[in-house]
Each structure stands twice: as structure tokens, then as C-alpha cells.
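**Student:** Would you mind keeping the following structure in view while I ask a few things?
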Amino acid sequence: TKIVYTAHDGGSTTIEAQPGDSVMQSATRNGVPGITGECGGVLSCATCHVFVDDGDLEKLPPMSDLEDEMLDGAAVDREHNSRLSCQIKASEELDTVRVSTPEYQE
Ligand code: FES
């Protein structure tokens, strides 16, 4: 999966992620700015909040109730296209996903 991250300042980074890697893991491993992922991906921090490109939103599996709840506590207010990036996984079926990162996570 090709993941394109656009930072709040407009800078963008593209990472080729392996199936199973989350959008959060690929970011933190590669030093992509704008994603913290403090809890390591277990849905207890909301510091991996991203805005998914509208064109890619429906390619993703729906969010769980817990993800939905956690998004209410994100540092930057959620929007219609908000997701927690530790819950978005690269896979053979997902060719590209574009996300924007919020100005701050904590
Ligand atoms: Fe903590 Fe995603 S990394 S909720």
C-alpha cells in the first residue's frame, strides 16, 4: 500500500507499507511528522488521528465503536473523515491511501 501523508504545513511524505502495517506504524517508523501513536496502536491515546482523503474513505473498513469514542477525545477536533491511523492497515487490496495529519496530537 502506498501511503501519502500530508502534514499541516503542506509537506508530504510517501511510504510504501507492507501488508499488516498500520498507517500509524509506517509513520512513526519512518519519522513522518504529525502522528504520535503514543499507545502503540491499542486504541487508548488518539494521538494517531488523521484525516483521510475523501476519495479513499470508502476503501477502508468501517471504524469500531471504540475508535469512534476515542476520536471524540482527539486533540484537534474530529471531522467527517477522521480516523485513528493505527486502525488503518496496509493490505494487498488497498492500493493507495492519502491522509492529512492534524496540526498537533496532544
Ligand atoms: Fe493510540 Fe492509535 S496509536 S489510538
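Just so it is clear, none of the values below were taken in a lab; they were calculated from the coordinates. Worth saying up front: this structure is predicted, and the values here are computed from it rather than measured. All Cβ positions, glycine included, derive from the backbone under ideal geometry; neighbour counts span all protein chains shown.
**Student:** Tally the DSSP beta bridges in the chain and give the antiparallel ones as a percent, rounded to 5. Don't jump to the answer; show the numbers that get you there.
**Tutor:** Numbers: 11 of 16 bridges.
The antiparallel proportion sits near 70 percent.
**Student:** Given only helices, namely DSSP H runs of n ≥ 4 each adding -39500 (n - 2.57), what is the per-residue ellipticity at 222 nm of the chain, to the nearest 500 deg cm²/dmol? All intermediate terms of the calculation are to be shown ahead of the outcome.
**Tutor:** Working: 3 runs with 18 residues, N = 106.
Rounded to the nearest 500, it is -4000 deg cm²/dmol.
**Student:** Note down the nm distance, to one decimal, between modelled labels 7 Å out along Cα→Cβ at ASP72 and at ASN30.
**Tutor:** Label-label distance for ASP72 and ASN30, simple model: 3.4 nm.
**Student:** Using +1 at the C-beta of Lys and Arg and -1 at the C-beta of Asp and Glu, which of GLN87, CYS48, THR1 has the Cα lying farthest in the positive direction of the dipole of the chain?
**Tutor:** Farthest towards the positive pole: THR1.
**Student:** Dipole magnitude of region 39-106 about its Cα centre, charges +1 at Lys/Arg Cβ and -1 at Asp/Glu Cβ only, in debye to the nearest 20?
**Tutor:** Numbers: 5 positive and 16 negative charges, 41 e Å.
Roughly 200 debye, rounded to the nearest 20.
**Student:** Between VAL42 and VAL4, how many nm apart are label points set 7 Å from Cα along the C-beta direction?
**Tutor:** For the pair VAL42/VAL4, the computed spacing is 3.5 nm.
**Student:** Just to verify a number: FRET efficiency for GLU103 and LEU60, C-beta to C-beta distance, R0 = 22 Å, to 0.05?
**Tutor:** Details: r = 23 Å, r/R0 = 1.03.
With R0 = 22 Å, the Cβ-Cβ based efficiency is 0.45.
**Student:** Here is a follow-up. Quick one: plug the Kirkwood hydrodynamic radius of region 58-101 (C-alpha pairs) into Stokes-Einstein at 4 °C, 1.567 mPa s, and report D in µm²/s. Mind dumping the intermediate values first?
**Tutor:** Values: Rh = 11.6 Å.
It comes out at roughly 112 µm²/s.
**Student:** Counting every Cα pair in the chain, what percent are over 17 Å apart?
**Tutor:** Working: 2451 of 5565 pairs.
So the portion of pairs separated by more than 17 Å is 44 percent.
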